[in-house]
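Undergrad: The structure's right below; bear with me while I get my questions together.
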Amino acid sequence: MATISKFEDLVCFNKARELTKAIYQEFKDCKDYGFKDQITRASVSVLSNIAEGFERGTKSEYLNYLYIAKGSAGEVRAQLYVAYDAEYVNMEKFKYLSGLASECSRLIQSFAEKVKKGMHAGTQFKKLEKDDPMKEVLRQQAPDVYKRFYEN
């Protein structure tokens, strides 16, 4: 399995981005500004928490942010019921947007399970190789010894 080096490569992030774009598009002309603000913020929270957790550096923090993102996806679904009941969206749009939010939840849950099972504690705990302080001294003072140790 390949190591993912940036959050933009995550399937769950890209699906959350798709959800956010669809929510913004659907409610751009909504005059209920409180509702519009709530649902757009919730959708942005999904992808933002996936990204923020990824950049945090520890496995436990990342899992925490993934579950916050999953909770925000649930909030979007709940807000979509409000939108349907208030007749801001028809059944077709409700099903489409709710399906996107549900798919985000499933993808986040699946990814969180993979992160839990992973062996890495996170980049914050990554072991870094330290430079040998004698390396430069040997290179300058004893080139023949340096070659034996470092150039083979």
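The numbers here are math on the coordinates, done by the rules we state, and not lab data. The model shown is predicted, which means the values in this text are computed figures rather than measured ones. Don't worry about glycine lacking a Cβ; one is built from the backbone with ideal geometry, like all the others, and counts go over all protein chains shown.
Undergrad: Only counting other Cβ atoms within 10 Å, I'd like GLU18, GLU87, GLU136 sorted with the fewest neighbours first.
TA: With the sparsest Cβ surroundings first, the list reads GLU87, GLU136, GLU18.
Undergrad: Further, regarding this structure: Using a simple spin-label model with points 7 Å from Cα along the Cα→Cβ vector, what separation in nm is obtained for LYS6 and ASP32?
TA: The two pseudo-label positions are separated by 3.8 nm.
Undergrad: In debye, nearest 20, what is the charge dipole magnitude of the chain about its Cα centre with +1 on Lys and Arg Cβ and -1 on Asp and Glu Cβ, if you could check?
TA: With Lys and Arg at +1 and Asp and Glu at -1, about 400 debye.
Undergrad: Taking 0.36 nm per intervening residue step and subtracting the Cα-Cα distance, what contour gain separates ASN14 from SER60 on full extension?
TA: Full-extension gain reported as 14.3 nm.
Undergrad: Hey, fewest Cβ within 10 Å first, where do CYS12, CYS30 land in order?
TA: CYS30, CYS12
Undergrad: Past 20 Å, Cα to Cα, is the threshold; run LYS59/LYS117; LYS6/LYS95; LYS15/LYS95; LYS28/LYS93; LYS21/LYS95; LYS31/LYS70 against it and keep the listed order.
TA: LYS6/LYS95; LYS31/LYS70
Undergrad: To continue, here is another question. Given contacts defined as C-alpha pairs under 8 Å and at least six residues apart, what's the relative contact order of the chain, whole-number percent?
TA: For the chain, the relative contact order is 23 percent.
Undergrad: Which of the listed residues, ALA42, GLY118, LEU97, is farthest toward the dipole's positive end in the chain, when Lys, Arg count +1 and Asp, Glu count -1 at the beta-carbon?
TA: With unit charges placed on the Cβ atoms, the residue in question is GLY118.
Undergrad: Related question: What full-extension length gain, to one decimal in nm, is calculated for SER102 and LYS135 as 0.36 nm per residue of separation minus the Cα-Cα distance?
TA: Residue separation times 0.36 nm, minus the Cα-Cα distance, leaves 6.3 nm.
Undergrad: Within a 10 angstrom radius of the beta carbon, how do SER102, SER60, SER45, SER5 rank from fewest other beta carbons to most?
TA: SER5, SER60, SER102, SER45
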